Amino acid sequence: MPLVTTKEMLKKAQAEGYAVGGFNANNLEIVQAIIEVAEEERAPVILQASQGAIKYAGLEYIVAMVRVAAEKTTVPVALHLDHGTDYLQNIKCMRAGFTSLMFDGSKLPFDENVALTKKVCEMAHAVGIPVEAEIGQIGKAGGDEPGVAIEKAREFYAKPEEAKRFVELTGLDSLATAIGTIHGCRTPFAKLDIPRIKKIRELTKVPLVLHGASGCNDEEIKKGIAAGMSKINIDTRIRMAFVKKTREVLKELPDEIDPRKILGPAKEAAKEVIRDRMRHFGCSGKA
């Protein structure tokens, strides 16, 4: 079916108490893995492209791959820009065929973040494209111990009243909030601030987005969805499984020169991660 937007997809998830997976795709095999599992699980799905993925694969290639994949399936598929930090980049992605945008001005002063987010929303809403934006700062994993990383993350948590103002002033469609996760976590040590999520949900009324969810264990994910998370982003877990299987195949078959025999098993490993996440998010069977 043709690509859809995330607007109704996330409203439905919010109303029914589950979350839609936002899965980052960097190459053909991962695009195929996400779409194949979504079809098998009968789950709505969001394929995401980061600035890094766009630079690596090329904007036109990303759109073409996802569009073809969506047309071959019967479940709702959206193509979303993940962490677009530039206004012009959001315009380029929208014109290229993205059906959902994210403007990430979280590192800017509040007023600048509001002004640019509002500008992106006005541009996108004119043609029916929804916008996600971010309040607070969701950091990146470094060399810190889990306890240290958690303490550092707390310094940049989203403030509920500020989140409310942000939504009211910008008109955004979904809100990414810093509430305990860290991008790029390879082990699930994140602790979500559940009371903060509930308060932000109560004040803003919009679907909330959990970034850095590869760093959450299943219990934290369950609590986050119950508190109000309607979209959950996964990237690191997929890449870890994909690369691990690639290394295993190369170790077993060091003389193999057929990339299909190397990347095929890696795709299957990615599929199992995606399937597991969809089932934990509660979106399986919701298409």
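Nothing in this text is a laboratory measurement; each read-out follows from the coordinates by a stated rule. Computed from a predicted model, the values in this text were never measured in an experiment. Please note: Cβ atoms are built from the backbone with ideal geometry, for glycine as well, and neighbour counts cover all protein chains shown.
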Per-residue ellipticity at 222 nm attributable to helices in the chain (runs of n ≥ 4 DSSP H, -39500 (n - 2.57) apiece, nearest 500 deg cm²/dmol) works out to -16500 deg cm²/dmol
Could you give the angle, 0 to 90 degrees to the nearest 10, between helix 259-281's Cα long axis and the longest principal axis of the Cα atoms of the chain? 40 degrees
Can you compute 3J(HN,Hα) from phi for each residue in region 59-73, using the Karplus curve 6.51 cos²θ - 1.76 cosθ + 1.60 with θ = phi - 60°, rounded to whole Hz and x for Gly and Pro? 4, 5, 5, 4, 4, 4, 4, 5, 4, 5, 4, 5, 5, 8, 10
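Using r as the Cβ-Cβ distance of residue 272 and residue 68, and R0 as 30 Å, what FRET efficiency do you calculate, to the nearest 0.05?
Working: r = 23 Å, r/R0 = 0.78.
FRET efficiency, residue 272 to residue 68: 0.80.
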Counting only C-alpha contacts under 8 Å and six or more residues apart, can you give the relative contact order of region 1-128 as a whole percent? 25 percent
With N set to the residue count of region 174-287, report its C-alpha Rg divided by 2.2 N^0.38 Å to two decimal places. 1.28
Taking Cα atoms, the helix 7-16 axis meets the longest principal axis of the chain at an angle in degrees (rounded to 10) of 80 degrees
Other residues with Cβ under 9 Å from the Cβ of residue 208 give, with Lys and Arg +1 and Asp and Glu -1, a net charge of +2
Using only alpha-carbon positions, what ratio does the radius of gyration of region 23-140 give when scaled by 2.2 N^0.38 Å? 1.08
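Mind checking the dipole of the chain: about its Cα centre, +1 per Lys or Arg Cβ, -1 per Asp or Glu Cβ, Debye to the nearest 20? Mind dumping the intermediate values first?
Values: 42 positive and 39 negative charges, 75 e Å.
Rounded to the nearest 20 debye, it is 360 debye.
Dipole size in debye (nearest 20) for region 1-66 around its Cα centre, Lys and Arg Cβ +1, Asp and Glu Cβ -1? The partial results should precede the final answer.
On the way: 5 positive and 8 negative charges, 66 e Å.
In debye, rounded to 20, region 1-66 gives about 320.
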Of 191/245; 118/159; 198/231; 159/191; 72/286, which sit over 24 Å apart, Cα to Cα? 191/245
Span from the region 1-26 Cα centroid across to the region 72-137 one, whole angstrom: 15 Å
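Over the chain, what portion of Cα pair distances is larger than 23 Å, expressed as a whole percent?
On the way: 21147 of 41041 pairs.
Distances greater than 23 Å cover 52 percent of the Cα pairs.
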Note the angle between two axes, namely the Cα long axis of helix 218-227 and the longest principal axis of the Cα atoms of the chain, as a number of degrees from 0 to 90, rounded to the nearest 10. 30 degrees
